[in-house]
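Structure first, then comments.
Just so you know, all these numbers are worked out from the coordinates, no wet-lab data involved. Quick caveat: nothing in here was measured; it's all calculated off a predicted structure. Cβ placement follows ideal geometry from the backbone for every residue including glycine, while neighbour counts extend to all protein chains displayed.
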Amino acid sequence: MAEISFPLPDLGEGLIEATVLEWLVAPGDQVERNQPLVEVETTKSAVELPSPQAGKVVRIHGGPGDKINVGEPLIVLEVPDNTAGIVGTVPKEEAPKRRVRLSAVLDED
Amino acid sequence: MSNSTLEGGAAASTSAATPASTTVMSMQQALNRALDEVLAENPRTLIFGEDCGRLGGVFRITDGLQAKHGAQRVFDTPLAESGILGMSVGLAMAGFHPIPEVQFDGFAYPAVNQIVCQMARMNYRSRGTMPMPITLRVPSFGGIRAPEHHGESLEALFAHVPGLKVVSPSNPHEAYHLLKYAATRPDPVIFMEPKSRYWQKDDVDLAHCDANDDGASPTGAKVQREGRHLTLVAWGAMVARCLQVAGLAAEDGIDIEVLDLRWLKPIDAEALAASVRKTRRAVVVHEAPLTSGLGAEVAQLITQSCFDTLKAPVERVTGFDVPYPSGDLEDEYIPNIDRILFGIQRVLEYKRG
């Protein structure tokens, strides 16, 4: 397993920090991609931040009321080694499904 | 095809002793192993790209190689593809065999100038005194729900450029052998890795690429499933899908041959002819857009050699003439099982006159 740390992104044009309002996940939780992780407030608005990746929460940084600067660590996720760093989603191997059936008279001429 | 004047540039891999030669690996592991062996066998090889060094690549293909072979031979580059390929050209001139990576297909666009104007023609320009033994690895094609510029199929673009060779493996076994072979060529090879197939595991026979190959090179196309009624031609990730389709068609009594093209430049016209001469029907499947896609070239080669005996025009089942869509629409864009079956049905029911 590999650990990936996600820093607080710039949530607007040139915002430099955000205040944690409420964590929606806790260490040990398994999170899915795009699942809301935390609600933060900037000088412009309060927003929920979605998870950029599926994984298990290892650490979260900052409790309610704490300020975090853009670029500083926000959350650390544990992900399988072979998916660490991937952009996108590992495809699932599924049994083939079909709706179309073939019909042909294979006359040999 | 140029002849390399570099010492060790075409080091044969016959020394690789592999006793129990078949093992189960993912394509990631197979590619990683091939690169590891290439680095060990040829001291002139270098691997570099974005995140290739310390991280081991976003897809883990170069995982552990920097620790084993040193940061002078496996290293990170700035986020500048034109620089990665420009440096490759210079290193090749200086006698190295660079194996650069562009992290995703769509990131090759900023380096098209270096690839087309320098890498592909330096050998011609220099009348053979500056061969370009460069193996450019490009994680390619769609299928992983990635954002824009992460799902492009550039084979027709590269295949159209004189001086480039283009190859795409369909499974871990092909990946291992084709990369090892490509990395010993004296010419530039675009190595298109089907990223949606990185994780699937399968048997890899490390000692033999093709059955009864007698140590021959992994050139040309390869029949991955034999059949009598119709030939499905595919490459990269579409080979696995065509094998699934062949299994389903067998339920309906249709016996399908799956030809894995492997080399997209040069295309193995003889293998196409041999297969379709037998089956008399052909469908070519690719992810890239239809218009001016490689399917047109394949269809023409088949028509040229099998016009007299073809039962129907060669059918194409491809992506659409639109930019590669976002993840939610991916399954509608990439040829799916039903679209391929429809293509087969159109060929089966075609009547002359």
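Brief remarks follow.
- Flag for B:Val283 being buried (at least 19 other Cβ atoms within 10 Å of the Cβ) and in a helix (DSSP H, G or I): no
- Members of the stretch B:48-60 found to be more than 8 Å from chain A (Cβ to nearest Cβ), in contact with a Gly (Cβ under 8 Å, 6 or more places away or on another chain) and touching a residue at least 24 places away in the same chain (Cβ under 8 Å), listed by number: B:Gly49
- A residue that is within 13 Å of chain B (Cβ to nearest Cβ) and either surrounded by 13 or more Cβ atoms within 10 Å (Cβ to Cβ) or touching a strand residue (DSSP E or B) at 6+ places or on another chain (Cβ under 8 Å) (or both) cannot be found anywhere in the stretch A:56-78.
- Residue satisfying condition, being among the polar types (S, T, N, Q) and either more than 14 Å from every other protein chain (Cβ to nearest Cβ) or surrounded by fewer than 19 Cβ atoms within 10 Å (Cβ to Cβ) (or both), within set B:Asn32, B:Asn42: B:Asn42
- Residue in the stretch B:149-171 that is within 14 Å of another protein chain (Cβ to nearest Cβ) and in contact with a Ser or Thr (Cβ under 9 Å, 6 or more places away or on another chain) present: yes
- The stretch B:287-320, subset more than 17 Å from B:Ala271 (Cα to Cα) and hydrophobic (A, V, I, L, M, F, W, C), residue farthest from the chain's Cα centre (by Cα): B:Ala312
- Failed condition for A:Val38, given (1) away from chain B (no Cβ under 14 Å); (2) over 15 Å from the mean Cα position of the chain (by Cα): (2)
- Test: B:Gly220 is in contact with a strand residue (DSSP E or B) (Cβ under 8 Å, 6 or more places away or on another chain), at positive phi and in contact (Cβ under 8 Å) with a residue 40 or more places away in the chain: yes
- Total residues in the stretch B:252-277, condition surrounded by fewer than 19 Cβ atoms within 10 Å (Cβ to Cβ) and either under 24 Å from B:Asp331 (Cα atoms) or in contact (Cβ under 8 Å) with a residue 60 or more places away in the chain (or both): 1
- When the criteria are applied in full, A:Glu48 meets the requirement of being of a type outside the set (S, T, N, Q) and not in a loop (DSSP other than H, G, I, E, B).
- Total residues in the stretch B:298-353, condition within 14 Å of chain A (Cβ to nearest Cβ), of a type in the set (Lys, Arg) and outside any loop (DSSP other than H, G, I, E, B): 2
- Boolean, B:Arg352 is within 20 Å of B:Gly247 (Cα to Cα) and surrounded by fewer than 16 Cβ atoms within 10 Å (Cβ to Cβ): no
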